[in-house]
Amino acid sequence: MLAVLIYWCYLFIITSTIGVAFQDSFKLGKSHPVITFFLGGFAIALLASIWAIFSGLQIYFESILIGITLGLGLWKRKVYKGFLLSLKAKIKTLPPYLNILLIIITLFAAAQCASAPYILDNESYYIQTIKWLDTYGFVKGLANFHFFLAQHSGWHILQSALNLNEIAPFFNDINGFYLVLGNVYALDKLGHYFKQKEKHLLLIGLFPIFNVFLFQFISTPSPDLPIYLLSLIIFGEFLTHYLSSKETPLSIIFVLGVFAVFIKVTAVFLIIFPVILYIKSRKSVKQDLLKLSIISGIAFVLFAVKNSIISGYPLYPIASFRLTSVDWMLPLQLQEYLVETTKHYAFFLTPKEYENSTLLQRIIHWLRLPKLHGLFNIAMCVVLILFPFFIRKVRFKKPLYILYFISIVQLLFLWLTSPQYRFFLGFFMLLALTLIAVSITKKSLIKIGLTLATIAIAVPLFIPFNLNTLTENKFQLSLSVFSLKYLVKPHPNTKYTQATYTVHQEGNLKLYTPTNIDFFWATGDCELPCIQLQHLNDFKAYFRSVPQMRTNNLKDGFYSYTFDNE
């Protein structure tokens, strides 16, 4: 836990310094100080993406990044001093109750990050993605080895750039750091609500009531969490700008939207908020057009280059554009299999059931899913039904109806692709926060609610808690509990600390495979390259294809060797 807090100090300096320089150099204007940390993360992710084209994000990159930070800190020292004073003022003006709440949330977050990781995707591809980035950068055809690795989220690139893996192997805690920042942003809005009684401030300020759920995302670098945080901030700034036009410049809101898409393509609907603001205030479009074109253009090019190297599909997972002339392109049948599997998996249907059902039948089945999945699915639909009735008496209806419309569009899109609840959770939280803010406005009730929500964090964090009533996944029945042995040094990056591995030879490829992990996709924190033997054999039998090295060097990547039925 202590190591996590020290690491967060490092993240604070790196992301804020680069964020200030990025913000000032592109003349994006002033913003809430919390936003600067996100802009710094975006700038680092772009720098790391350029470096990863050529090499791994190891000590050389990290040393250069630290050098850049020192140089920018000296160059922009006056601007940086102003940023620190602004952040200090934001925290200092918080009422004592909110300051105490923030300290408790921060300590709880550090304890959660020091505990064992919970999310299963961490074991199947988060750890491995970051390890490949650390060691080799972008690897040609890596998707041929394991198609989960084709995703390479911008958030994992950022974590790889900042994980100090040469110093210690257990720093994967950017999610906890940014969740604390999200709480700073929300509590600052709440503090202003207590003074001004503006309901749009309360809407954002109540965000900490979701901490008990979001805490399960912070012991791993899940790219879902930053999308939730960016959803909150983008909509919070959208609301303020729509109502007063005196806060964060539109260019910053747009860049935050671009960052969200760079992290996860399904966040593309967040871009609609700044676009609407530009349409509403046409005068500022021309002056921002050049810098926004440069920033979004760089992000798009790096996104396409990354995907081209890793899978051969520049707009992965879209298959319309592919590099058919390169030997490392992921075979189309594998790419299509991943897309189709994602569709029917989200509805919890077999491929045959999915194919033989109508969209309406799938949605009905989706609503009837058991436990947590069905609960969130029903909750989203209920909130969408209730929303227009709750906001009838709200003074600022227009921006809320925009939120409502975008939420519906996103859900319709997900119904056609992959309606996993974590994909619409950001919009669900914004809609739910609106309903709560409309219903509860008394300061005493708000304090009681936030206190109970914060106490609720401690229950699964310090007391063994079985999730049998919420999930049927046997691998996610137990939440991660903090132990005193993590007070200084955190738990390793994987929950499979006792995993053992054997070496397997497949053609010209020598790989590692776990012997005592029964989760089909899991590899844990294994040496590269690593894959489940059952996974390899099943794909070999079904697709008549195996991954092979392009050369004798792993850095040169993989191709899929397809053999005939003989």
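Coordinate-derived values only; no laboratory data. Owing to the predicted nature of the structure, the values given are computational and were not obtained by experimental measurement. Cβ coordinates were reconstructed from backbone atoms using ideal geometry, including for glycine residues, and neighbour counts include every protein chain displayed.
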message: Could you work out the relative contact order of the chain? I mean the mean sequence separation of Cα pairs under 8 Å and 6+ apart, divided by the number of residues, in percent.
response: 20
statement: The relative contact order of region 501-562, taking Cα pairs under 8 Å that sit 6 or more residues apart, comes to a percentage of 24
statement: Of region 5-38, those with amide N under 15 Å from the point 7 Å along the Cα→Cβ vector of Leu164 are 5-16
- request: Work out which helices of the chain, taken as complete DSSP H runs, extend at least 18 Å along their axis over the Cα atoms and score a mean Kyte-Doolittle of 1.6 or more, then list them.
  value: 33-52, 59-75, 96-114, 250-263, 371-390, 421-439, 443-462
field: FRET efficiency, 1/(1 + (r/R0)^6) with R0 35 Å, evaluated for Lys199 and Lys78 via beta carbons
entry: 0.40
query: Taking Rh as the Kirkwood radius, which is the inverse of the mean 1/r over Cα pairs, what is the Rg/Rh value for the chain?
result: 0.95
- line: Between Ser25 and Val275, the two model label points (7 Å from Cα along the beta-carbon direction) sit apart by a distance in nm of 2.9
task: Kindly flag which residue pairs out of Lys199/Lys371; Lys489/Lys510; Lys195/Lys291; Lys30/Lys189; Lys30/Lys442; Lys280/Lys393 have an alpha-carbon separation exceeding 28 Å in this structure.
output: Lys199/Lys371; Lys489/Lys510; Lys195/Lys291; Lys30/Lys442
query: Which is farthest toward the positive dipole end of the chain among His365, Ile271, Ala111, measuring Cα position about the Cα centre, with Cβ charges +1 (Lys, Arg) and -1 (Asp, Glu)?
result: Ile271
message: Need one number: nm distance between label points at Phe54 and Ala319, each 7 Å from Cα along Cα→Cβ, rounded to one decimal.
response: 3.6
task: Project the alpha carbons of region 501-562 onto their principal axes and report the range along each, largest first, in whole Å.
output: 30, 26, 15
- prompt: Nearest 20 debye, what's the magnitude of the dipole of region 501-562 about its Cα centre given +1 on Lys and Arg Cβ and -1 on Asp and Glu Cβ?
  reply: 280
Region 155-260: GluC sites (Glu not before Pro) falling in loop per DSSP and having at most 10 other Cβ within 10 Å: none
task: Taking the Cα centre of the chain as origin, sum charge times position over the Cβ atoms of Lys and Arg (+1) and Asp and Glu (-1), and report the length of that vector in debye to the nearest 20.
output: 2880
- prompt: Can you give the calculated 222 nm mean residue ellipticity of the chain, where each DSSP H run of n ≥ 4 adds -39,500 (n - 2.57) and the sum is split over every residue, rounded to the nearest 500 deg cm²/dmol?
  reply: -19500 deg cm²/dmol
- line: Full extension between Glu527 and Leu290 adds, at 0.36 nm per residue less the Cα distance, a length in nm of 80.9 nm
query: Once you mark the trypsin sites (Lys or Arg not before Pro) that are in a DSSP loop and have at most 16 other Cβ atoms within 10 Å, what is the longest gap between them in the chain?
result: 28-196
query: For region 2-328, what's the relative contact order in percent, using C-alpha pairs closer than 8 Å and at least 6 residues apart?
result: 21
Thr562/Leu416 FRET efficiency (R0 41 Å; Cβ-Cβ; nearest 0.05): 0.85
statement: For region 121-244, whose charge dipole is built from +1 on Lys and Arg Cβ atoms and -1 on Asp and Glu Cβ atoms, the candidate among Leu230, Ile157, Asn175 with its Cα farthest towards the positive end is Leu230
statement: Stretched fully, the stretch from Lys397 through Leu332 gains (0.36 nm per residue minus C-alpha distance, one decimal, in nm) 18.8 nm
- prompt: When the label point is put 7 Å from the Cα of Lys447 along its Cα-to-beta-carbon vector, which residues of region 85-124 have a backbone N closer than 18 Å?
  reply: 93-105
